[in-house]
Amino acid sequence: STRHEPRRRHRRRLHARCPGSAAKSTSAADAYSSTRTPPLLPAPNPPTTTPTAPPPIPTGPRNLVLIGGRGCGKSSVCRLLRAADKRFTLLNLDEMIARKAGTSIPEIVQGKGWVYFRELEFQVCREVAGQAVCDGEWLLIDAGGGV
């Protein structure tokens, strides 16, 4: 009889710590599970306004500009996107800069410096931005690493 006495005391302590548990629980596992049961929440109130339809998806021209650091893969991703969706016209700013300057980008940087190249890059960006607004086509713009 003394052997079972500590278990009874332990059960009583568990029941004393668990609010709302009655003497009907007979084991420590029952007392533990009753403390872990989440409380029942009242049903949520119905919405006071009727839900509105989502805005329509625009069907007009779209522009997508890929930006990122030098050598991160913007041009590769643009070529893949262009191949996957023929609606886009691909504009590569680095190619446009080289065409405008009449020489390659490394030669521009070596001959006139980074500051001159970045100014030229900014001018080409402005031109492309104006074209994107005016032409009404789908443009995929491969921005240079300094944009």
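Descriptive notes on the structure:
- On the beta carbon distance between Glu95 and Trp138, with R0 = 25 Å, the FRET formula returns roughly 0.85.
- Surrounding net charge for Met96, when Lys and Arg each add one and Asp and Glu each subtract one, Cβ distance under 10 Å: -3
- In the frame of its principal axes, segment 62-142 has Cα extents of 38, 27, 19 Å, reported largest first.
Read-outs throughout are calculated quantities, based only on the coordinates presented, and are distinct from any laboratory measurement. Predicted model only: the values in this text are computed from it and were never measured. A quick note on method: Cβ atoms are made from the backbone with ideal geometry, for glycine too, and the neighbour counts reach across all protein chains shown.
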